[in-house]
1. What's the exposure ranking of Asp108, Asp74, Asp40, Asp143, going from fewest to most Cβ atoms within 10 Å?
2. May I ask for the distance between the Cα centers of region 121-165 and region 55-70, given as a whole number of Å?
3. Tell me which of Pro149, Thr115, Ser68 sits at the most positive position along the dipole axis of region 36-167, charges placed on C-beta atoms (Lys, Arg +1; Asp, Glu -1).
4. With Rg and Dmax of the Cα atoms in Å as the read-out, I listed (i) 17.6, 62; (ii) 31.7, 120; (iii) 15.3, 46; which label goes with the value calculated from this structure?
5. Quick one: Ile53, Ile69, fewest Cβ neighbours within 10 Å first, how do they rank?
6. Hey, got the dipole for region 27-177? About the Cα centre, +1 on K and R Cβ, -1 on D and E Cβ, debye to the nearest 20?
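Just so you know, all these numbers are worked out from the coordinates, no wet-lab data involved. It should be emphasised that the depicted structure is a prediction, and the values quoted were computed from it without experimental measurement. Using ideal geometry, Cβ is built from the backbone for each residue, glycine included, and neighbour counts are taken over all protein chains shown.
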Amino acid sequence: MNAKFTLLSLIILLAAGCITKEDNNTEKISISADGFKEGDTIPDEFTCNGKDISPSLSWEGIPAGTKSIALIMDDPDAPGGTFVHWVLYNIPAGTLKLPKGMTLNLTDGTMQGMTGFGKPGYGGPCPPPGKPHRYYFKVYALDINLVLPPGASKNQLESAMKGHILAKGELMGKYQR
């Protein structure tokens, strides 16, 4: 009886849209950065106290069927709520690395979205003095190319990705001023 109830519950949740393929996804993307490891301090070079350039990022584990990749960098410890530092989407599926110091002039179809700084492109960690903040670099393998305008917001990107995430991964670095 319990197995039938569990199966019926799953069918109802699936039909209601409460469970998506992201929830059942076992595929993980491994993401790394040149200059720091998971949980380490992000070097000044990549922050507002340094050159404020993007770190080189690479990933492994992009599954077959991936049409594009998206990346979000944000700070959940910001005083006003989660602060967005970088939004990238429609990164070609075969891309396994982003170079250090990416510019806004991308020719491969990659689009940069709007950050909490009110402009597209990378905006490095710049927390108020005090406690360390955590910065999450989240990469997503998608089964579609997104139809979003240049400068789309993190919310627009997350909405467009819903139901299309094949795999995901994240890297967290810390920074304190």
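1. Values: Asp108 9, Asp74 20, Asp40 13, Asp143 16.
By the 10 Å Cβ count, ascending: Asp108, Asp40, Asp143, Asp74.
2. 14 Å
3. Value computed over the given set: Pro149.
4. (i)
5. Going from sparsest to densest Cβ surroundings: Ile53, Ile69.
6. Value, rounded to 20: 160 debye.
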